[in-house]
Amino acid sequence: MSKIEKAKGFKHTKPGLWLSIGTSTFGALSIVKEYKKARSENDTLLLANAVVGAAALLTGTLLLVRELRQLGSDDVLAG
């Protein structure tokens with residue numbers, strides 16, 4: 001198995017999923033910053049962008065959590 005194949009398979013492991021969830025947290029910080037800026041400047045378009053970005057981030061994180069749970073339930077040793 002090549003290094004590229006190993007790297008592609010990493011995101012479907014528990015550590016890979018936790019890493020993805022962690023990086024999503026940093027994305028949330030950026031969205032909060034954008035939201036505050038939009039509110040202070042009364043910029044409706046920037047506010048809409050922040051809200052849509054937050055919804056996308058939330059959906060992506062929930063998909064990762066679901067995959068993490070499914071990965072745990074498929075584990076024979078987990079019980």
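The values are calculated or read from the model by the stated rules, or taken from the named source; none is laboratory data. None of the values given here were measured: they were computed from a predicted structure. Cβ placement follows ideal geometry from the backbone for every residue including glycine, while neighbour counts extend to all protein chains displayed.
Six or more apart or on different chains, Cβ under 9 Å: which pairs go from a residue in region 6-29 that's modelled with pLDDT under 85 to one that's small (G, A, S)? Could you list them?
So the pair list comes out as G9/G16; F10/G16; K11/S20.
For the subset of region 27-77 comprising residues that are not aliphatic (A, V, I, L, M) and not in a helix (DSSP H, G or I), which member is surrounded by the most Cβ atoms within 10 Å (Cβ to Cβ)?
Going through the qualifying residues, I end up with D43.
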